[in-house]
Amino acid sequence: QVQLVESGGGLVQAGGSLRLSCAASGLTFSTYALGWFRQAPGKEREFVAAISWNGERTYYTDSVKGRFAISRDNAKNTVYLQMNSLKPEDTAVYYCAVLRGWRIVTTPDEYDYWGPGTQVTVSS
């Protein structure tokens, strides 16, 4: 079965960096677009970034543009989220998700599979 496992979360001071990874198995990874989402306590899950199946197209929510970078390694079945200049408002559980096909979408409901999430906490 399809399995996604996030890693790399933790506690970091404001201005610091973290690199999240999401390892996938049980699917033909290169045929899926990938997305990162986050959910803070008491808030809805929100889109963060997405990358196309071949890595040529990326898309970010405005609040992370210039600070976060999404990338993928199809040989390793892994997607990454490099997060720099972190802010306390970036604190959330971060989830990776996969969407079969070529589209990049920002709506959580359209994604096919999800990981369990990894906690990111940014202290001020």
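List pairs: first in segment 39-58 and under 23 Å from T78 (Cβ atoms) and open to solvent by less than 70 Å² (accessible area, probe 1.4 Å), second among the charged types (D, E, K, R) and assigned to a strand (DSSP E or B), Cβ under 6 Å, 6+ apart or cross-chain?
Sorted first by the residue in segment 39-58, then by its partner, the pairs are V48/R38; I51/R72; G55/R72.
For segment 84-104, enumerate the residues that are modelled with pLDDT of 95 or more, more than 17 Å from S63 (Cβ to Cβ) and β-branched (V, I, T).
If the condition is that a residue be modelled with pLDDT of 95 or more, more than 17 Å from S63 (Cβ to Cβ) and β-branched (V, I, T), then V98 is the only one that fits.
Within segment 61-75, can one find any residue that is aliphatic (A, V, I, L, M) and over 18 Å from T118 (Cβ atoms)?
Just the residues of segment 61-75 that are aliphatic (A, V, I, L, M), to begin with: 64, 69-70, 75.
With the extra rule that they be over 18 Å from T118 (Cβ atoms), the set shrinks to 75.
The answer is yes; a qualifying residue exists.
For T121, work out the one condition from (1) over 21 Å from Q3 (Cα atoms); (2) touching a Lys or Arg at 6+ places or on another chain (Cβ under 8 Å) it doesn't fulfil.
For T121, the failing item is (2).
Which of the residues spanning segment 67-124 are open to solvent by 30 Å² or more (accessible area, probe 1.4 Å), in contact with a helix residue (DSSP H, G or I) (Cβ under 7 Å, 6 or more places away or on another chain) and either under 12 Å from W36 (Cα atoms) or not small (G, A, S) (or both)?
N74, N77, R100 - these are the residues of segment 67-124 that are open to solvent by 30 Å² or more (accessible area, probe 1.4 Å), in contact with a helix residue (DSSP H, G or I) (Cβ under 7 Å, 6 or more places away or on another chain) and either under 12 Å from W36 (Cα atoms) or not small (G, A, S) (or both).
Within segment 21-59, take every residue that is under 16 Å from the mean Cα position of the chain (by Cα) and among the β-branched types (V, I, T) and give me the one that is farthest from G8 (Cα to Cα).
Step by step, filter segment 21-59, then rank; the result is T58.
Only one of these conditions is not met by L34: (1) touching a Ser or Thr at 6+ places or on another chain (Cβ under 8 Å); (2) open to solvent by less than 60 Å² (accessible area, probe 1.4 Å); (3) not acidic (D, E). Which number is it?
For L34, the failing item is (1).
Somewhere in segment 11-27, is a residue within 23 Å of A75 (Cα to Cα), free of Cβ contacts under 8 Å to residues at least 40 places away in the same chain and open to solvent by less than 50 Å² (accessible area, probe 1.4 Å)? Spell out the reasoning first.
Pass one, segment 11-27, residues within 23 Å of A75 (Cα to Cα): 18-27.
Applying the additional criterion that residues be free of Cβ contacts under 8 Å to residues at least 40 places away in the same chain yields 26.
Next cut, open to solvent by less than 50 Å² (accessible area, probe 1.4 Å) only: none.
No, segment 11-27 has no match at all.
The values are calculated or read from the model by the stated rules, or taken from the named source; none is laboratory data. Remember, it's a predicted structure, so these values are computed and weren't measured experimentally. Because the Cβ atoms are built from the backbone with ideal geometry, glycine has one as well, and the counts that use them run over all protein chains shown. Please note that ligands, DNA and RNA were not included when accessible areas were found on the heavy atoms of the full protein model with its side chains. Shrake-Rupley method; radii C 1.70, N 1.55, O 1.52, S 1.80 Å.
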